[in-house]
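K.L.:
Structure provided below as C-alpha cells; questions to follow.
The values are calculated or read from the model by the stated rules, or taken from the named source; none is laboratory data. Computed from a predicted structure; not experimentally measured. Accessible surface areas use protein heavy atoms only, side chains included; no ligands, DNA or RNA. Shrake-Rupley method; radii C 1.70, N 1.55, O 1.52, S 1.80 Å.
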Amino acid sequence: MAANPQMLDLMRDFVGPADDPDFGGAQGGSTAVGQVGTGSARHIEVAKAMRLMFDAPLEVVRRQMKGEKIIVKSGRKAADGTFPTVDTGMVFDPTNPISYAAYFSQITEVNDEKERYKAEWNSSRSNPLIVGFFGMTNSLPSSGDQTAWCTAFVNFCLHAAGKQGTFSALSGSFREHGEDAYDNGGPVLGDVVVFKKIGEDGNKGFGHVGFFVAEEGDSIWVLGGNQRADLPETNKPSKGEVTLTKFPRTSESLMWASNRRIPEMKL
C-alpha cells in the first residue's frame, strides 16, 4: 500500500521526539532533541543492523529447534539492586511475535563507540536498527532514533510472526486493532498491551504499546521497544531500548487501555 503524502506529513507532526517522554522522548533523554540519534549512520553500522534484522527469523527458528525457553530480563533494577527475570515457560515460536521481541532484547552487539544496537544511541548518529523498524509503518522517523518507536517495533515483530499489524507509528492505532484479549479467554504471551497517555495527548492517539508477558497485582510486565532501562555500567537510565518493564496500570503519565489479540496477516 502506497503511503499517502498527507498522512506522512501528519505522522511527522504527531509522532516526534516528545511523544512518549517516559520512554526516550525529549524529557526522557539526557540531552536535547536534535543533538543525539538524528544523523546518518555509518555504512558498516547499517550493514550490521540489517544483518541483525534479517537474522531474527533464523535465530527464532534455531532457538525453537533447540527447545530454548523465552526468559526475559527486566531493564529496571529492583529494590534489592538486582534485575528481575521472567521465565515465560514458552519455547521460542516463529508464529508468536514475542519471540522476535525477546530476540532483539537479548542481542549484545555494539558499534565502535560501544553503543548497543538494541537501544537509542548517545552519538549524533541514528541507530539504523531502530530506524529500520519504521519500514513496517506508513511514516518516517524524522528525528532518527529519537522518534518514538515503540509502535514501529511492535509492528515489525508482528510482521515477522505473520500477524496483521497497523502499519502506523502511532500507538493509538492499536486501541481497536484485533480483538480484546479479555473477550477471548484473557491475555496471553504475545498479545499487544496498549496504554493511553493521560490528558489531551492521549485523545490524539499518543501512548505506549508492547507485548504482554505477565500480570503482577496492579502491574503488567511488558516486553517492548522504546522502554527505559538502568545501565549497570553508569547507574543512569538509557533513553530507550528493547527491554522488559513492569508498568502500573495507571501512572502519572499513562493509563492501561486494553490487551489486544492480533489476527493472522491478511494475504
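K.L.:
So between T108 and S124, what do we pick up on full extension, going 0.36 nm a residue minus the alpha carbon distance?
P.N.:
Stretched out fully, the T108 to S124 stretch lengthens by 3.7 nm.
K.L.:
Can I ask one more? What number does the stretch 62-141 give for Rg over Rh if you use C-alpha atoms and the Kirkwood radius?
P.N.:
1.03
K.L.:
Moving on. Report, in listed order, any pair from K77/K197; K118/K197; K66/K246; K73/K246; K163/K239; K73/K118 with a Cα-Cα distance greater than 18 Å.
P.N.:
K77/K197; K118/K197; K66/K246; K163/K239
K.L.:
Pop out the carbon and sulfur fraction of the accessible area of the stretch 125-206 as a percent, whole number, probe 1.4 Å.
P.N.:
The value for the stretch 125-206 is 49 percent carbon and sulfur by accessible area.
K.L.:
Between the alpha-carbon centers of the stretch 54-98 and the stretch 172-242, tell me the distance in whole angstrom.
P.N.:
Result: 17 Å between the Cα centres.
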